[in-house]
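Take a look at the structure set out below.
The values are calculated or read from the model by the stated rules, or taken from the named source; none is laboratory data. Note that the coordinates shown come from a computational prediction; the quantities given were computed from them, not determined experimentally. Neighbour counts are summed over all protein chains in view; Cβ atoms, including those assigned to glycine, are modelled from backbone coordinates with ideal geometry. In case anyone asks, the SASA skips ligands and DNA or RNA and just uses the protein heavy atoms, side chains included. Shrake-Rupley method; radii C 1.70, N 1.55, O 1.52, S 1.80 Å.
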Amino acid sequence: MAITEDAPPGADLRTPGQPPGRAGRRLSSPLVLTLTLLLAVLAQSPIRGFLGAPAMQTWMTVFVAVTVQALPFLVLGVLLSAAIAVFVPASFFARALPRRPALAVPVAGVAGAVLPGCECASVPVAGALVRRGVPPAAALAFLLSAPAINPIVLTATAVAFPGHPEMVLGRFLASLLVACAMGWLWQRLGRTDWLRPPAHGAHEGATKGEAFWDSVRHDVMHAGGFLVLGATAAATLKALVPAGWLGTAAGIPLVSVLALAVLAVVLSICSEADAFVAASLTQFSPTAKLVFLVVGPMIDLKLFAMQAGTFGRGFALRFAPATLALAVTGAVLTGAVLL
């Protein structure tokens, strides 16, 4: 109802259907913020106690560590992904990879050594490879091998295990073996409806520079959200797992292998840092430590979330369990031979 200056005294100026006494009362953003701050001040004692609890301190430490540690490499991967999508012609990949998918898989796996980043960087790059027409089997082999066999990771492993070059060699061989095996497995059993290729706009009418930065913004917001989701899950599980379980598990060979495999999935540590964590687990056998180093860069909580966001949840639900099983098997077999 329009309000005019001629409204008679005592007239009902409420809009139709508005309850009495509610005229002009609205929740605005400043009001919500004020109420939230007032509530926080009134409840500061229980909030301080909650944030000061050991479990909450552990949660915040793990969440910040995983996010801050992974974010630079995620940005690196996004930049590489955008550069591949915008500046690299599709014909390049047709020339660089063998025509036969069975041969393209190991070539792509070995090519993972040239990416100086972690698993957070490999996901968007693999997505860009699929968009540019690379066979999914080859792109997935690259996705799994790049975080584990690049020079930075292998150098960090050598520093974490001084005097034990067999640990570096074992990590390289086991990771490359599992990456190629997963690529061949996808080539043989994978279905196109399981993989949802990441879609991008055609950037019609935009320059290459505009298309590049548009792709960067899209992938940072998209992959970054899933990174935060994975870091939240990793921090929550880390805070709830009793520390005494690791000491008990280390005394049983089979349990120690499975325990470190699960720990690698839960902790979600970047591959540049996981070797130092593995070296600190002195109560575990070298083979169990190798399982930790092979599993972590291939499948963890944040990776599962990022893979689901990039390639689809149906893909991640099939790809992650198969990767975990092959990674544990490959690391145990390699450890039995080399360690």
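Odds and ends about this structure:
- A single entry from VAL266, VAL277, VAL332, VAL337 fulfils the requirement of being in a helix (DSSP H, G or I), open to solvent by 30 Å² or more (accessible area, probe 1.4 Å), out of contact with any His (no Cβ under 6 Å at 6 or more places or on another chain) and modelled with pLDDT under 90: VAL277.
- You will find that of ALA158, ALA141, ALA174, the residue that is at pLDDT 90 or above, assigned to a helix (DSSP H, G or I) and surrounded by fewer than 18 Cβ atoms within 10 Å (Cβ to Cβ) is ALA158 and no other.
- Selection of first residues in segment 147-174 that are basic (Lys, Arg) and of second residues that are open to solvent by 10 Å² or more (accessible area, probe 1.4 Å), restricted to Cβ pairs under 9 Å at least 6 apart or on distinct chains, gives the following pairs, ordered by first then second residue: ARG171/LEU154; ARG171/THR334.
- Residue list for segment 302-329, filter: more than 23 Å from VAL228 (Cβ to Cβ), of a type in the set (D, E, K, R) and open to solvent by less than 10 Å² (accessible area, probe 1.4 Å): none
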